[in-house]
Amino acid sequence: MILLRSIAFNIVFYLVLFVYLIAALPTLLMPRGAILAMVKNWSALNLTMLRVMCGLTYEFRGIEKIPAGAVLVASKHQSMWETFALLTILKDPAYILKRELMWIPFFGWHAWKARMIPVDRGARSQALASMTAHAKKEVAAGRQIIIFPEGTRRAPGAEPKYKFGVAFLYNALDIPCVPVALNSGVFWPRRSIMRYPGVVRVEFLDPIAPGLDRQTFFNQLQNDVETATAKLVAMADRDVGLTHRDG
């Protein structure tokens, strides 16, 4: 039954995504708020579909810890789930994403309109400089900058592989950083069509104030996120009675 529900959800998920990508085309000629409103609506619909079709709900903890205005949000990345779910919580988010995604027809157009922040992973130092320049513009507009410090999805329990770029960005932006822990990969595993029932828990941790040196910040961020994530994953394992992981 879980397999059938998962297959049905994936079919509907991508059909809905396609419809929204087409329906959002007029927003390319509108103020940026129009595309942001549509994206938030799409995100909320995804969460509803997961609850109805797969029995997968969610819980956000520590929302009150998010400072008002511009902030750097450094989130654990285990699945596709958080790429849209965080949109429902943050007022005016700007994701840092790989530049190649901006080249995808429809999706890339909307990402440019929403002023997401592209990064060329192959350019190294030049990529950091370009990413930071874009991020500073969005910070000046009071937006929340979302970065996945590991750069890609990591399965629950996998050895963390944080990239030092997050420390470079923290130092350059001089704004608070909110670490985010989660257990989404237990229920929405990467490289899998399965969508398991349960409760995805997301925890916004105590903000890290600006002003730390890069290495101190980097160590604290990884320790805070990994410690809290391990607890959330263990809690999810107990909830479902088994571990859904892809290694």
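The values are calculated or read from the model by the stated rules, or taken from the named source; none is laboratory data. The structure presented is a predicted model; accordingly, all values stated were derived computationally and were not measured. In this analysis, Cβ positions are derived from the backbone assuming ideal geometry, glycine residues included, and neighbour counts consider all displayed protein chains.
Are there strands (runs of 3 or more DSSP E) fully within segment 85-163 with at least 1 residues that are surrounded by 16 or more Cβ atoms within 10 Å (Cβ to Cβ) and at pLDDT below 95? List them. Full working, then the answer.
Working: elements: 93-98, 117-119, 144-147.
Here the list reads 93-98, 117-119.
Does segment 64-71 contain at least one residue that is in contact (Cβ under 8 Å) with a residue 24 or more places away in the chain, within 18 Å of residue 175 (Cα to Cα) and in a strand (DSSP E or B)?
The answer is yes; a qualifying residue exists.
Only one residue in 219, 171 is surrounded by fewer than 20 Cβ atoms within 10 Å (Cβ to Cβ), of a type outside the set (Lys, Arg), over 16 Å from the mean Cα position of the chain (by Cα) and under 30 Å from residue 33 (Cα atoms), so which one is that?
171
Among the residues of segment 62-81, write down those that are of a type in the set (D, E, K, R) and buried (at least 16 other Cβ atoms within 10 Å of the Cβ).
Residues of segment 62-81 of a type in the set (D, E, K, R): 64-65, 76.
Across segment 62-81, the qualifying residue is only 76.
Working carefully through the options 8, 24, 34, find the one that is surrounded by fewer than 17 Cβ atoms within 10 Å (Cβ to Cβ), touching a residue at least 40 places away in the same chain (Cβ under 8 Å), among the aliphatic types (A, V, I, L, M) and more than 30 Å from residue 205 (Cβ to Cβ).
Values: 24 fails: surrounded by fewer than 17 Cβ atoms within 10 Å (Cβ to Cβ); 34 fails: touching a residue at least 40 places away in the same chain (Cβ under 8 Å).
8 is the lone residue from the list that is surrounded by fewer than 17 Cβ atoms within 10 Å (Cβ to Cβ), touching a residue at least 40 places away in the same chain (Cβ under 8 Å), among the aliphatic types (A, V, I, L, M) and more than 30 Å from residue 205 (Cβ to Cβ).
Looking at this structure, is residue 82 assigned to a helix (DSSP H, G or I), at pLDDT 95 or above and under 29 Å from residue 222 (Cα atoms)?
Judged against the criteria, residue 82 is a match.
Please work out if residue 195 is closer than 29 Å to residue 7 by Cβ, surrounded by fewer than 18 Cβ atoms within 10 Å (Cβ to Cβ) and basic (Lys, Arg).
no
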